[in-house]
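S.K.: Below is one structure. I have some questions about it.
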Amino acid sequence: MSAKTIKVAAVQAEPEWNDLEAGVTKTIAYIEDAASNGANVLGFPEVFIPGYPWSIWANSPVENAAFMDEYFRNSLERESEQMDRIRAAVRDAGIFVVLGYSERYRGTLYIAQSFIDPTGTIVHHRRKIKPTHVERAYWGDGQADSLKTVVASPFGNIGGLNCWEHTQTLLRYYEYSQDVDIHVASWPLIWDMPPGQPWTYQITPGLNSTLSQTMAFEGACFVLVCTQVLTEKNRQKCRLENFSYATTPSGGFSMIYGPEGTPLVEAPAPGEEVILYAEINLHDKAVAKHNLDLVGHYSRPDLLSLRVTTDVGKPVHFKE
């Protein structure tokens with residue numbers, strides 16, 4: 001395990017809501033900015049392109065029909081001119097990027113992460129294996145190929161999960177077994193519970209930041225928490241004008257955690273657009289694992305083990 005110092009970066013920013021071209025331009029700007037500041041690994045929030053549509057929680061499917069059609073048309077295709085521009089920017093920057101976006105594939109959307117290496121190559125692509133709650137009305141499920149969450153890079157083994165995939169205990173455990181060094185936790189914007197409102201603490205920055213911190217501790221890995229924000233000027237565009245839960249400017253809870261769960265940076269204001277940076281040493285992971293290695297000396301595979309399928313579900317099968 002190398003003792004080389006690596007500079008990691010986590011984006012907290014407002015998306016270009018329902019605007020694919022502007023979203024690509026802003027993404028490239030963040031890639032260039034991070035590279036100019038010496039970053040080696042950069043993580044983006046969940047569905048940063050074209051933004052997380054909180055309107056699906058605030059309005060009915062009928063009310064949202066036109067809005068979500070616009071959202072569909074402004075989601076990003078993996079094989080597209082827009083993605084080619086992003087890949088070229090990553091290649092020119094010479095960094096490793098985990099990009100979160102709403103992927104449009106034929107007639108279905110997926111909550112996706114593309115892992116782009118310093119040559120601009122998508123070395124892995126995965127989809128959220130189970131969209132959360134009302135998300136299931138709009139996004140499809142990732143299949144067995146999305147259980148692979150970690151890829152090798154010049155900067156260590158890079159992993160990634162979307163939002164409440166971090167609640168999937170077995171999925172987290174499987175990622176630890178893939179020997180993750182640096183994990184990108186891609187999240188949408190999430191707000192604190194408004195006073196007197198019937199909301200759930202499960203969907204608050206405190207709880208979901210703790211999930212990410214738990215992953216750092218359990219996996220003895222560095223975790224980049226990447227989140228979105230919302231400003232008042234975009235409340236109406238996002239159809240949240242009557243959704244009191246969505247305070248502005250707010251929504252962000254980005255952080256970088258070390259392999260003992262230690263916060264490595266000062267938390268930004270929840271409405272601030274910023275790239276968080278930390279210089280890390282992968283040897284710290286080895287030190288943390290002296291105490292806790294959940295898939296090594298602190299496991300009992302003779303008593304408890306995980307079964308994983310590698311067969312990808314397909315809608316059409318051909319008879320031999």
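S.K.: Before anything else, pin down the relative contact order of the chain: Cα pairs under 8 Å, at least 6 apart, normalised by residue count, whole percent.
M.R.: Once divided by the residue count of the chain, the mean separation gives 21 percent.
S.K.: Which of Asp117, Asp33, Asp179 moves the most in a Gaussian network model of the chain with Cα springs under 10 Å?
M.R.: Comparing Asp117, Asp33, Asp179 in the GNM, the peak value goes to Asp33.
S.K.: Oh, and also: On the protein heavy atoms, probe 1.4 angstrom, tell me the percent of accessible surface of the stretch 246-307 carried by carbon and sulfur.
M.R.: 52
S.K.: How large is the accessible surface of Tyr201 in square angstrom, using a 1.4 angstrom probe and rounding to the nearest 10?
M.R.: The accessible area comes out at roughly 130 Å².
S.K.: With all protein chains present and a 1.4 Å probe, how do Ser299, Ser244, Ser212 order by accessible area, largest first?
M.R.: Ser244, Ser299, Ser212
S.K.: Got a number for the accessible area of Ile6? Probe 1.4 Å, square angstrom, nearest 10.
M.R.: About 10 Å², rounded to the nearest 10.
S.K.: Which of Val8, Ser250, Gly140 sits closest to the plus end of the dipole of the chain, meaning its Cα is farthest towards the positive end, when Lys and Arg get +1 and Asp and Glu get -1 on the C-beta?
M.R.: Gly140
S.K.: Can you work out the accessible area per residue across the stretch 5-291, with the rest of the protein chains kept in place, probe 1.4 Å, in square angstrom?
M.R.: Result: 38 Å² of accessible area for each residue.
S.K.: Follow-up. In whole Hz and in residue order, list the ³J(HN,Hα) couplings for the stretch 260-277 that follow from phi through the Karplus curve 6.51 cos²θ - 1.76 cosθ + 1.60, θ = phi - 60°; x for Gly and Pro.
M.R.: In residue order, the calculated couplings are 9, x, 6, x, 9, 9, 7, 5, x, 4, x, x, 8, 8, 7, 10, 8, 10 Hz.
S.K.: Further question on the same structure: Using modelled backbone amide H atoms (1.01 Å from N, in-plane), which distant-in-sequence or interchain residues come within less than 5 Å of Val265's amide H?
M.R.: Ile256
S.K.: How large a share of the accessible area of the stretch 1-40, in percent, is made up of carbon and sulfur atoms when the probe is 1.4 Å and the other protein chains stay in place?
M.R.: 47
S.K.: Same structure, new question: With a cap of 11 neighbouring Cβ atoms within 10 Å, and only residues DSSP puts in a loop, list the trypsin sites (Lys or Arg not before Pro) found in the stretch 89-160.
M.R.: Here the sparse-neighbourhood loop sites are Arg106.
S.K.: Using the Karplus curve 6.51 cos²θ - 1.76 cosθ + 1.60 with θ = phi - 60°, work out ³J(HN,Hα) for each residue of the stretch 290-303 in order, rounded to whole Hz, and write x for Gly and Pro.
M.R.: Coupling constants for the stretch 290-303: 4, 8, 9, 10, 5, 10, x, 5, 9, 10, 10, x, 6, 10 Hz.
S.K.: Hey, another quick one. Springs between alpha-carbon pairs under 10 angstrom, Gaussian network model over the chain: which of Val62, Val265, Val47 fluctuates most?
M.R.: Per the Cα network of the chain with a 10 Å cutoff, Val62 tops the list.
S.K.: Hey, another quick one. Convert each backbone phi in the stretch 278-285 into a coupling constant with the Karplus relation 6.51 cos²θ - 1.76 cosθ + 1.60 (shift: θ = phi - 60°), then list the ³J(HN,Hα) values in order as whole Hz, x for Gly and Pro.
M.R.: Working through the residues one at a time gives 8, 8, 10, 10, 5, 5, 4, 5 Hz.
S.K.: Where is the GNM fluctuation largest for the chain (alpha-carbon springs, 10 angstrom cutoff): Leu20, Leu207, Leu276?
M.R.: Evaluated over the chain, the most mobile residue of the options is Leu207.
S.K.: Using per-residue counts of other Cβ atoms within 10 Å, averaged over each peptide, order 7-15, 255-263 from highest down.
M.R.: The peptides rank, most packed first, as 7-15, 255-263.
The values are calculated or read from the model by the stated rules, or taken from the named source; none is laboratory data. No experiment lies behind these values; they were computed from the predicted model shown. Neighbour counts are summed over all protein chains in view; Cβ atoms, including those assigned to glycine, are modelled from backbone coordinates with ideal geometry. Quick note on the areas: whole protein, heavy atoms, side chains included, nothing else; ligands and nucleic acids left out. Shrake-Rupley method; radii C 1.70, N 1.55, O 1.52, S 1.80 Å.
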